[in-house]
1. Looking only at segment 63-95, which residues are under 16 Å from ARG11 (Cβ atoms) and out of contact with any strand residue (DSSP E or B) (no Cβ under 7 Å at 6 or more places or on another chain)?
2. Take the residues in segment 212-229 that are farther than 11 Å from ARG252 by Cβ, under 27 Å from the mean Cα position of the chain (by Cα) and not aliphatic (A, V, I, L, M); name whichever of them is modelled with the lowest pLDDT.
3. Quick check: is even one residue across segment 14-37 in contact (Cβ under 8 Å) with a residue 24 or more places away in the chain, touching a helix residue (DSSP H, G or I) at 6+ places or on another chain (Cβ under 8 Å) and acidic (Asp, Glu)?
4. Restricting attention to segment 61-85, and to residues there that are part of a strand (DSSP E or B), of a type in the set (A, V, I, L, M, F, W, C) and touching a Leu at 6+ places or on another chain (Cβ under 9 Å), which single residue is surrounded by the most Cβ atoms within 10 Å (Cβ to Cβ)?
5. Taking segment 285-323 on its own, how many of its residues are of a type in the set (D, E, K, R) and either open to solvent by less than 40 Å² (accessible area, probe 1.4 Å) or closer than 19 Å to ARG74 by Cβ (or both)?
6. Does ALA180 satisfy the criteria of being of a type outside the set (S, T, N, Q) and surrounded by fewer than 21 Cβ atoms within 10 Å (Cβ to Cβ)?
Amino acid sequence: MAKDSASETGRPELRVLRQDEWNIWYDALIRAFGGVPEAAEERELWNSLTEIDRSLGAWDGDACVGTAGAFSFRLTVPGGASVPAAGVTMVSVAATHRRRGVLTSMMRRQLDDVREWGWPLAVLTASEPEIYGRFGYGVGSFQVSTEIDTTRVRLSVPPGTDDVRLRYAVPADVLDVCEAVYARKVADRPGMLARLPGWERLGVLDPESEREGASPLQCVLAERDGEVVGYARFHVKPEWDGSGPKGAVRLRDVQALDPVAQAALWRFLFGIDLTSTVKAYARPVDEAWQHQVSDIRRCAVRVRDALHVRLVDVGAALSARTYQAPVDVVFEVEDAFCPWNAGRWRLSGDAKGASCERTTDAVDLSLSVRELGAAYLGGVSLAALGSAGRVREVRQGALAEASVGFASAVAPWLPHGF
């Protein structure tokens, strides 16, 4: 279908990006986020990862005034399935063109496209969380940041930790073995992303301009019987005062195939010479170290939103995951932005599988697609949403039944941004 030009309508022209427009488009994005130039290696990486045919630009003449893109992800859902999901990214509107419907038009076009691609989910991370609720996104996972005072906090580790061998390695030289560890972990936790070729480079991206005085990226491998069973990537920022050293370990990532290897890596991070703090960001809310430290209050734990989830196809999305307890419930779904989802759906499922189909049966629970997105990965309770007035129970007992079924044994977690 032909798109109206800006000159014909007075509105910016919205269209799929062309390869030769990427620099203009990306410059508009950078300006919208403050205008600070990125390091050349970072810009080159995002250029290589951008999926041009899934990227949109809003143009006012020759000026790009709006940007939005999507990555072709596969997202782990409860039960371990890997489900196609659009990773919504690089969304911006020029300050000169705010409140003209540019963002709404991009969100409209994008969700229509995702539906046409046959993908049941769209996901994003939000610079401003209040923006995306009106487009049907709900906060589906959270993350923990911490600053651990390692001079005051001890770590209790499980038996066998001493059997794990640790060794330093050049991060780029061991990228393949680290990526193999990550790939084995993806199915274990909802919210994790199966990385396509090229995405492994994000983990070792290390522009000097972003180190803030810290060391270049370092890597330590955990090995058992000659096999790599985990890794930690981190920076060290040296610092001294009149009392002596008080450097900080800045953790970029840590992954391990078992609890013992995980503990060995965290113990190493706690014990790096001339440091007194471990700073970790965007970690799982249920990560084991929180139950191994001697004093959680001295860890300055903070929780914030991470992955925002949008069900583009309610039936396909709810059928793609499993449920930890049997559930048989009829939802009345409100979805003004994607009306094809609106109406009644019967979800029947358990730990082996599920189906979600249109129905005319009596309603058990009434909610919007935003609440389904929040609860989808199992980290947000439908009962909690009900207590907030965002889910209405029509059949007594239905809310408790659905809440137990939707829950995940491990908290969902987004391992990195996009």
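The values are calculated or read from the model by the stated rules, or taken from the named source; none is laboratory data. Just so you know, these numbers come straight off a predicted model, no measurement behind them. Here Cβ is always computed from backbone atoms with ideal geometry, including for glycine, and neighbour counts include all displayed protein chains. Remember, those area values only see protein heavy atoms, side chains included, never the ligands or the DNA or RNA. Shrake-Rupley method; radii C 1.70, N 1.55, O 1.52, S 1.80 Å.
1. If the condition is that a residue be under 16 Å from ARG11 (Cβ atoms) and out of contact with any strand residue (DSSP E or B) (no Cβ under 7 Å at 6 or more places or on another chain), then ALA63 is the only one that fits.
2. My answer is GLU212.
3. Looking through segment 14-37, none of the residues is in contact (Cβ under 8 Å) with a residue 24 or more places away in the chain, touching a helix residue (DSSP H, G or I) at 6+ places or on another chain (Cβ under 8 Å) and acidic (Asp, Glu).
4. LEU75
5. Of the residues in that region, 5 qualify.
6. Judged against the criteria, ALA180 is a match.
Results for (1) within 22 Å of the chain's Cα centre (by Cα); (2) hydrophobic (A, V, I, L, M, F, W, C); (3) in a loop (DSSP other than H, G, I, E, B), shown as yes or no for each residue.
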position: SER348; (1), (2), (3): no, no, no
position: SER366; (1), (2), (3): no, no, no
position: GLY386; (1), (2), (3): no, no, no
position: ALA409; (1), (2), (3): yes, yes, yes
position: PRO412; (1), (2), (3): yes, no, yes
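For (1) open to solvent by 10 Å² or more (accessible area, probe 1.4 Å); (2) part of a helix (DSSP H, G or I), each residue gets a yes or a no:
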residue: GLY87; (1), (2): no, no
residue: MET90; (1), (2): yes, no
residue: ARG99; (1), (2): yes, no
residue: ARG109; (1), (2): yes, yes
residue: GLU116; (1), (2): yes, yes
residue: SER127; (1), (2): yes, no
residue: GLU130; (1), (2): yes, yes
residue: VAL153; (1), (2): no, no
